[in-house]
Amino acid sequence: MINHQTVQLILALRGAGISDHEVLSAIETTARDLFVTPEFIEQAWEDRALPISCGQTISQPVVVGQMTEALCLTGREKVLEIGTGSGYQCAILSKLSRRVYTIERYRTLLEEAKRRFAALKLKNIVPRLGDGSMGWPEQDSFDRIIMTAAAEEVPEALLAQLRNTGLLVAPIGPSGRQRLMVFRRDGDEFHKTVLGKVRFVPLLRGIARTL
Ligand code: SAH
C-alpha cells in the first residue's frame with residue numbers, strides 16, 4: 001500500500017543520497033508499522049529510530065537504506081546479520097539477497113521477529129539466538145556481513161567469516177563517536193571506507209540473561 005507517509009519516507013531516503021532502486025523498493029514494500037511496538041505505530045513511517053522491546057531500537061530508515069546500499073546486493077548473496085532486533089533490516093535484506101542468517105542475543109526479540117518473518121512469508125531467513133560477535137561458526141564464509149550494533153572494533157570472528165572480496169558494514173567506534181564503515185576483504189587485508197556518523201546501541205557479549 002503506497003500512501004502519503006510512504007512517499008514522504010522515500011523522498012527522505014532519496015534526499016539522503018540513496019538512489020538504488022532495488023533498495024528503495026524493498027524499503028517501500030516493507031511495512032515498518034509491523035516491526036514497531038503498538039504505541040509507536042503512528043511514527044512507524046517517520047525517518048527516525050524508535051524504541052523496541054528489551055531497551056533496544058529499530059534503526060532509522062535512512063541508515064537502513066545506507067547500510068543496505070553499501071552491501072551492494074545482487075540477489076545472490078549469503079548474508080550474516082548481527083542484531084536481529086525487530087527484524088526490519090533483516091526483512092529488507094531478505095528481499096535483496098539469497099539467504100540471510102541473523103543472530104540476536106534477546107530471546108524475546110528473536111521470537112517476535114520470527115513471528116513477523118512468518119507472517120510476511122519471508123522464507124529465506126535463518127534466525128538464531130546467540131552472541132553474534134562469535135559469528136556463525138557452523139557456516140562457511142559469508143558474502144556479506146552487517147552489524148546493527150556498534151563495537152569499538154569489528155570482532156575477529158566476523159572478519160574471519162567474510163569471504164574474499166566480500167563486504168562488511170558496521171557502526172564502529174566508542175559511544176558518541178561511531179562511524180558507519182565498510183570493510184572490503186582483499187585476501188588478508190581489509191580496505192576501509194567511512195560513510196558517516198551514526199548512533200547505534202552497543203554490541204554486547206553473551207546471550208542476554210533477562211528475556
Ligand atoms: N537490525 C535491527 C536493529 C536492532 S538494534 C532492526 O532492524 O530492528 C541492535 C540489536 O543488536 C539489538 O536487538 C541487540 O539486542 C542486538 N545485539 C547486541 N549485541 C549483540 C550480540 N553480541 N549478538 C547478537 N545480537 C546483539
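Rounded to whole Å, give me the distance from the Cα center of region 149-179 to that of region 44-71. Taking the Cα centre of region 44-71 as reference, the centre of region 149-179 is 18 Å away. Within the chain, the longest run free of GluC sites (Glu not before Pro) that sit in a DSSP loop with at most 12 other Cβ atoms within 10 Å is 1-137. Across all Cα pairs in region 63-197, the calculated P(r) in 5 Å bins from zero up to the longest distance comes to 2, 11, 22, 24, 23, 12, 5, 1, 0 percent per bin. State which stretch of the chain is the longest one without any exposed trypsin sites (Lys or Arg not before Pro), exposure meaning a DSSP loop state and at most 16 other Cβ atoms within 10 Å. It works out to 124-176. Using r as the Cβ-Cβ distance of Glu22 and Glu42, and R0 as 35 Å, what FRET efficiency do you calculate, to the nearest 0.05? For R0 = 35 Å, the calculated efficiency reads 0.80. For region 63-197, the number of Lys pairs separated by eight or more positions or lying on different chains, with C-alpha atoms closer than 20 Å, is 8.
FYI, it's all coordinate maths here, none of it is from the lab. Bear in mind that the values here come from a model prediction, so they are computed numbers and not experimental data. Heads up, the Cβs are rebuilt from the backbone with ideal geometry, glycines too, and the neighbour counts pull from every protein chain shown.
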